[in-house]
Amino acid sequence: MAQDTKADALEDVSFEAPEESLEDLKLRLEEARKTADERLDQLLRARAEAENAMKIACRAKEEYARYASEKLVAKLLCIVDSMEQAAKHDEGAKALYQQLMDVLKTEGLEPIESLGKKFDPYRHEALYSVPCKGDEEDDTVAKEISKGYTLNSKVIRFAKVAVAKR
């Protein structure tokens, strides 16, 4: 008797074909695929943008860390100048000057070599010009009045120079 009620219940359920045709279903499937492809494309673009933003932030952080000591080093340059002058007259001052320069070099400080080099407005500040002597070329640095320095390849103080002119 229990089997009869199950069979009766199954007969009551009708398996009618959907009202949509096969073509309509194919169109809906194609639209769903297009939507899925668009969403996947949007997701991939968003992921790429997020990765690019993270890379930019990482580079900015590295750049900040690289030049974080720039203000301190720039303030120390007047002491470096004084010690350089004292080192010309005193061996103790010369040793101190060399130690200070060694420490600053580990931070990325490098003096700009100017004397005899071609004048470069991105590295030199011309204070005045002098007539060329013998074999000097035009627009070369004839005299260095004050040393210039770079910190990690960025000029933090221009070299003050006199430029040879014809």
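The values are calculated or read from the model by the stated rules, or taken from the named source; none is laboratory data. These figures come from a predicted structure and were not determined experimentally. All Cβ positions, even for glycine, are placed from backbone atoms using ideal geometry, and neighbour counts span all protein chains on display.
Within the stretch 151-166, residues that are free of Cβ contacts under 8 Å to residues at least 60 places away in the same chain and within 20 Å of R66 (Cα to Cα) have Cβ atoms under 7 Å from residues that are acidic (D, E) and outside any strand (DSSP E or B) in no pair, counting only partners at least 6 apart in sequence or on another chain. Give me the residue from the stretch 56-80 that is in contact with a Leu (Cβ under 9 Å, 6 or more places away or on another chain) and of a type outside the set (G, A, S) and, out of that set, nearest to M101 (Cα to Cα). My answer is V80. Within the stretch 151-165, is even one residue modelled with pLDDT under 95, over 33 Å from the mean Cα position of the chain (by Cα) and not hydrophobic (A, V, I, L, M, F, W, C)? Yes, some residue in the stretch 151-165 is modelled with pLDDT under 95, over 33 Å from the mean Cα position of the chain (by Cα) and not hydrophobic (A, V, I, L, M, F, W, C). Considering (1) touching a Phe, Trp or Tyr at 6+ places or on another chain (Cβ under 9 Å); (2) more than 15 Å from K165 (Cα to Cα), the lone condition that H89 does not fulfil carries the number (1).
Residue-level check: of (1) surrounded by fewer than 12 Cβ atoms within 10 Å (Cβ to Cβ); (2) more than 21 Å from the chain's Cα centre (by Cα); (3) aliphatic (A, V, I, L, M), A68 misses just (2). Just to verify a result, which residue in the stretch 154-166, among those that are buried (at least 16 other Cβ atoms within 10 Å of the Cβ) and of a type in the set (K, R), is nearest to L77 (Cα to Cα)? Across the stretch 154-166, the extreme among qualifying residues is R157. Residues in the stretch 79-97 that are exposed (fewer than 10 other Cβ atoms within 10 Å of the Cβ) and in a helix (DSSP H, G or I): E91, G92.
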